[in-house]
Every structure is written in structure tokens, then in C-alpha cells.
Amino acid sequence: MFAQILRRPVLAIVISVLIVLLGLLSIGTRPVSQFPEIAPPQVQITVAYPGASADVLIQSTLIPLERAINGVQGMRYMLTDATSAGEATIQVIFDLGTDPDQAIINVKTRIDQVMPQPPKLVQLEGVILMRVMPSMLMYVNVFSTAEGADEKFLFNFANVNVLPEIMRVKGIGQARILGSRQFAMRIWLNPDRMRAYNVSPEEVQDAMADQSIIGRPGRVGQATGKTAQSLEYVLVWEGRYNKPEQYEDIIIRATPDGHILRLKDIAKVELGSEFFNIYSNLDGHPSAAIVLKQTLGSNAQEVIENVKKTLEEIKATTFPPGMDYAISYDVSRFVDASIEQVTHTLVEAFVLVALVVFVFLGDWRSTLIPTLAVPVSLVGAFIFMAVLDISINLITLFALVLAIGIVVDDAIVVVEAVHAKMETTSLSIYEAMKAVLNEISGAIIAITLVMTSVFVPVAFMPGPVGVFYRQFSVTMASSIVLSGFIALTLTPVLSVLILKPVHDHGRTRNPITLFIRGFNRVFNWVTAIYVRVIRATLGRFYVTLLALGLFVFGIMQVNQVLPAGFVPNEDQGIIYAIIQTPPGTTIERTNAVSRELQNIAKELPEVASVSALAGYEILTEGAPRTPGRASST
């Protein structure tokens, strides 16, 4: 049946070319990452209760929210964290495979049921829900060496000019500036003055709410349908105050005899930052720390390249003198280096396989056939990866490296069989190949099914480990199936077109043929020794059992010595340092300690740059429970 392909060589070649083209197109659509995405979907709830302690926040807000969220569909567990700064987060972790969009809808539905229970201030601040993205994609510092530039200016500059542009880059799922240094009107109340005038903070808040408002006075002269009006005027209110002087003139209290108590009499008003919860700097210069995360399924390399182009455009058109940016963390650096090494290994393995085939077959024409057939199977595997939504990562590339040695066997079987047929008979290449296909087609199909059956069951392993093995097994199995198909279609056609009859070969003498003949003599000598050893041990089965036992014992001993882990540890060229100061330490003191560590690290010649964050844990990506923590990278 398979011999019919010899009558249609163009069809076999066109099918192979089509497989290669589809494989190349699939490569361009696959996202590139270091490892497969194994993190389960997560929904994060952020709560703010300014002025509250961690215990008050837990009792008043977190407990009602936890009770409402508990048991939501697909939830595995949840983690709650409350800080002494009046901030808290609830992370809800769902089962692997849960739709993240549906998960966040289910959580929001549960929270809406208990929203009247938290304090009024919590409701005003808002309960923020967001889907947690994968691990950090980039960490960018916008810094300035100019005098007078501080974190407040850099934060607001980046928030207005940098962040909106980055968020429009395709593939960016989340972009945020750490901390909250956006401009806000700070009212610093003087307790002594307030006690002297018998004024409470609630009176100040009520006065500000009554006088700094967004007004809608309406219109004058609007048509009534009764009396004709000549002109119509739209009344405009000045709106909320946006200058310190306006807030200073707010009237807190007025007496009938004309005495007026204004806000400036009991407080100091200035335009400052909304919060002072994070201090950020790069190499001693104030900075705005921007964390970028990608959307699920996007290509990390492409996204990072587009972000870098956008940053360069912003720098050229918007940055004032002395301002610059630095990319402190870029996941593509390590991913590119890792994939480059695996790609080199892939090419080296392919070249080594071609050399081994040439040495054993002793004919460059016979070597050319497997060399042309193997890339079709490897490139065609990307078609199955695209259909099953598998990314290009170290696991799948490693599978392709191993697959080279497996998929080449089918082509070698066909070429070796036709060589043997021509040596023992006087048939032409066409007739010899036709006879070979009738004889070994069943064997090739059996080999393909047996090899595939080894990897297919692994694809059904559950859990995060199953994700790794699934991508590995699918890549291996697809390349093996394609190699069997190519061995029954393209390889016979190439053999008929390229090979020459064995009885037509002359015995030429050149360095290559002399080397191959010498290698064959050595190989035959080693084979003879091996045969004698096997014959000697056939009647002594206990020798075989003893050797097998020694191997098993050696494997067990080595397994106890070698370290175990989920994925191998890799040096990414970054060192994280977590600073823990005593409980109750202010963030300013923690920032000073962080600066000391930063200065020590900068003295090392191997260190390119040092980025410091006081009040933020970069590893857990959240605010610490107490202000006295900092991170340096």
C-alpha cells in the first residue's frame, strides 16, 4: 500500500514542504518563555482603612470578607495579610485550569453581598479586585540626577507621561508604580491649636466637604415656554480647590460678632504626596519604580522589545534634562540566554547525528536522506504545539533535542533496508524500494506506535508537574508520529531520487573512504568481542542478574547524593537582599539602613547597579506587615 507513494514523488515532497511551512508559521505564533505557565489562577482583593491598626482592620473588614469569599467555586485556599499601615490583601487561589475571568466575577459577587458591613471609610476607599498576573516581566526605574528632583515629582511624571504609554503596549497586562506618591493636598493639623479652639477633626472634615465641592449651579434664562428670554447663561462654579491658599481660607467656624476661624489658623496646608509608604532609589538617586507584568499567552520577548522601544521614544520626546530610565530586571535576558544555549545544543545534536549516520552508512547520499527528513519532523512538531497552545520554552526545546536521536531512526531503517536489498539482489533502486516498503512498513508503524505509547500516558498527569510533562510528551510524541509518516512518504522518494545502485559503486581511495573502512574494521572487531561476551554469559544468568543488581544499587546511591528540586536553580545575575529592622521602626530609618547596604554593594566591581525599595518586599510583591522592611536588588 505504501509503495504507491513512489508513483507520486511530487505529492510526497509537497506534503513535506507544506508541513515545514505550517511549522514555521506556528513558530511565529508561539509565545516564548522560560518554563510553562504552572501558576494557578489567583484573584487579589486590596483593602485600605487609613489610620487603623492590623487588628482593627481584621476584625472590622477582613473577617466579613473572608466569610463571604470562602467556598467560592473552584477555590483551593486563600491567604490574608494585614499591615499596621491600614492596608490588607486577600489572595484567593483557584484550581489549575479555572477560568480566571469567571473566578474574579464569582469573587466580586460574593463581596458585593457583604459590602455594607465594612466601615464607611473602607467603602469610600474602595475594595479593589484584580486578577494576579504571572511573575514580574520587567522592573524599570525612572530616575533623575538633577538637583531638586524628588520621588514625588518622579512618581507623578511617570504616572502621567510614562505609564499610559506603556499600558498601551500589546501584551502588557499590568503596569503600576510602587507606592502612592501622587499629588495630594496634605492638611497637617496642629493638636495644640485645635485644643485651644475646641475644634475636632470631624469639624475640619465637614468644613472641607462643604466648601471644596464640585458645584453644578445650572443655567439662568432657560426657556420656560411662557415668557420669551433674550439670553441664556450657564453658571460655572470654580470647582474643588486645587491650591494650598484656597484650602487655607476654608472657614472652620464663624461667630455672630464677626470672628472667623480659618483652616490656616489650626493647620499647615501643603501640596505633597498622598502617602509616604515606599522610598525608592537607584544608585542613590530618587526613582519611580515601575513593575510590568504580561498578559497570559503573550510573547515575553516581543512585549519587552516593544516596551523598550516605547521607553526610548518617551525619553527622546518627554524626559527633562537629568532624567533617565534603567531596566533593573528583564526576564528576557535570562530567557534569551537559556534558549540560545538550547538552540546551540539542538544544532550541535543535529550535526552530530549527521556525522554518526555518515560514519556508519559510509555514503554521503545515504546521509543526506535522514538529514533532510529529520528537520521536517522537528519543525512539524510546532504545528501540534500551536494546536494544543504550547509555548516555546526550555522543556519543549529539550524535548526536540532528545527527539533528534529518535526520529532519525525511521529514516535510517529505510535507507539501510534498501541498501541491504540492493546488495543481495540485482534490483533497481525503484524496485528495491518498492520491495522494502512492502516488507518494513509494518515494522515502522509498530516502532512509531511503541515509541509514542511511552510518552502519551505522561500527558495525562495532573497538577503543575503534569504541565511540564505534558508539554514534553506532546512535543516528543508529535515529532515521533511525524517521523514515521515521513519515513513512509518522503524518505522512500528521496532514496529513489538520490541513491545509486550499490553494484555500480567503484572502490575509490581517498581519506574519507580510508577512514570509514578503518572504522568498519574496528567496529567489526568490537562487535566480535561483544558477541563472545554475550555467548559466554548466556549460560550464566546469575552474572547478568549481578550486573543488573549493581546498576540498580548504584542508581539508588547516586539518587541519595544528588539534590532534588522542581526546576533547576539558575543564576540570573541578580541578588535580592531583604532588610528586617526591629518592629516599630519607621520607614525613614529603614530607608537609611537600605542606603547603607546600597553603598556597600556599589563598592563591589561586579555590581552594575543597585536598586533599593524601603517599605516593599520585592519577592512577595507586597507591603510588609511592619514598616521596617526593605528590599535591594
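The values are calculated or read from the model by the stated rules, or taken from the named source; none is laboratory data. From a predicted model like this one, the values you see are computed outputs, not experimental measurements. FYI the Cβ positions are ideal-geometry reconstructions off the backbone, even for glycines, and counts take in every protein chain you see. When the accessible area is computed, the model is the full protein with side chains, heavy atoms only, and any ligands, DNA or RNA have been set aside. Shrake-Rupley method; radii C 1.70, N 1.55, O 1.52, S 1.80 Å.
Which of the residues spanning the range 12-51 are touching a helix residue (DSSP H, G or I) at 6+ places or on another chain (Cβ under 7 Å) and open to solvent by 70 Å² or more (accessible area, probe 1.4 Å)?
Matches in the range 12-51: Leu22, Leu24, Thr29.
So, of the residues in the range 105-123 that are at pLDDT below 90 and farther than 18 Å from Arg67 by Cβ, which turns out to be least open to solvent (accessible area, probe 1.4 Å)?
So, considering only residues that are at pLDDT below 90 and farther than 18 Å from Arg67 by Cβ, the one least open to solvent (accessible area, probe 1.4 Å) is Leu121.
Scan the range 52-63 and tell me whether some residue there is in a helix (DSSP H, G or I), open to solvent by less than 70 Å² (accessible area, probe 1.4 Å) and closer than 30 Å to Thr295 by Cα.
Yes: one or more hits.
If you check Leu65 against the conditions, is it closer than 18 Å to Phe275 by Cβ and more than 28 Å from the chain's Cα centre (by Cα)?
no
One line per residue, one yes/no per condition, for (1) surrounded by 12 or more Cβ atoms within 10 Å (Cβ to Cβ); (2) out of contact with any strand residue (DSSP E or B) (no Cβ under 7 Å at 6 or more places or on another chain):
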residue	(1), (2)
Ser180	yes, yes
Asp210	no, yes
Lys226	no, yes
Ser230	no, yes
Leu235	no, no
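Tell me which of these Asp330 doesn't satisfy, since it passes every other one: (1) under 29 Å from the mean Cα position of the chain (by Cα); (2) modelled with pLDDT of 80 or more; (3) open to solvent by 20 Å² or more (accessible area, probe 1.4 Å).
(3)
Residue-wise test of (1) out of contact with any Phe, Trp or Tyr (no Cβ under 8 Å at 6 or more places or on another chain); (2) modelled with pLDDT of 90 or more.
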residue: Gln34; (1), (2): no, no
residue: Gln42; (1), (2): no, no
residue: Asp55; (1), (2): yes, no
residue: Leu65; (1), (2): yes, yes
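Mind checking which residues of the range 193-237 are among the aliphatic types (A, V, I, L, M) and outside any helix (DSSP H, G or I)?
Once the filter is applied, which keeps residues that are among the aliphatic types (A, V, I, L, M) and outside any helix (DSSP H, G or I), the range 193-237 yields Val199, Ile213, Ile214, Val220, Ala223, Ala228, Leu231, Val234, Leu235, Val236.
If you check Arg8, Arg30, which single one turns out to be of a type in the set (Lys, Arg), over 30 Å from Lys120 (Cα atoms) and free of Cβ contacts under 8 Å to residues at least 40 places away in the same chain?
Arg8
Has the range 234-248 got any residue that is in contact with a helix residue (DSSP H, G or I) (Cβ under 7 Å, 6 or more places away or on another chain), acidic (Asp, Glu) and closer than 14 Å to Ala267 by Cβ? Steps first, please.
First, the residues of the range 234-248 that are in contact with a helix residue (DSSP H, G or I) (Cβ under 7 Å, 6 or more places away or on another chain): 241, 247-248.
From what's left, acidic (Asp, Glu): 248.
Okay, now just the ones that are also closer than 14 Å to Ala267 by Cβ, so 248.
Checked against the condition, which is being in contact with a helix residue (DSSP H, G or I) (Cβ under 7 Å, 6 or more places away or on another chain), acidic (Asp, Glu) and closer than 14 Å to Ala267 by Cβ, the range 234-248 yields at least one hit.
For the subset of the range 64-104 comprising residues that are part of a helix (DSSP H, G or I) and open to solvent by 70 Å² or more (accessible area, probe 1.4 Å), which member is nearest to Val127 (Cα to Cα)?
That would be Arg67.
Per-residue answers, yes or no, for (1) loosely packed, with under 11 Cβ neighbours inside 10 Å; (2) modelled with pLDDT of 85 or more:
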| residue | (1), (2) |
| --- | --- |
| Asp192 | yes, yes |
| Gly215 | no, no |
| Gly218 | yes, no |
| Ile260 | no, yes |
| Lys264 | no, yes |
| Thr295 | no, no |
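Results for (1) modelled with pLDDT of 85 or more; (2) surrounded by fewer than 16 Cβ atoms within 10 Å (Cβ to Cβ); (3) in contact with a strand residue (DSSP E or B) (Cβ under 7 Å, 6 or more places away or on another chain); (4) among the hydrophobic types (A, V, I, L, M, F, W, C), shown as yes or no for each residue.
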position: His419; (1), (2), (3), (4): no, no, no, no
position: Ser426; (1), (2), (3), (4): no, yes, no, no
position: Ile429; (1), (2), (3), (4): no, no, no, yes
position: Leu437; (1), (2), (3), (4): no, no, no, yes
position: Ile444; (1), (2), (3), (4): yes, no, no, yes
position: Ser453; (1), (2), (3), (4): yes, yes, no, no
position: Val458; (1), (2), (3), (4): no, no, no, yes
position: Pro462; (1), (2), (3), (4): no, yes, no, no
position: Val465; (1), (2), (3), (4): no, yes, no, yes
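Name the residues in the range 576-591 that are surrounded by fewer than 15 Cβ atoms within 10 Å (Cβ to Cβ) and more than 32 Å from the chain's Cα centre (by Cα), would you? Explain how you work it out, then say what you get.
If we filter the range 576-591 for residues that are surrounded by fewer than 15 Cβ atoms within 10 Å (Cβ to Cβ), which is where we start, we get 576, 578, 580, 582-584, 586, 588.
Pro582, Pro583, Gly584, Thr586, Glu588 - these are the residues of the range 576-591 that are surrounded by fewer than 15 Cβ atoms within 10 Å (Cβ to Cβ) and more than 32 Å from the chain's Cα centre (by Cα).
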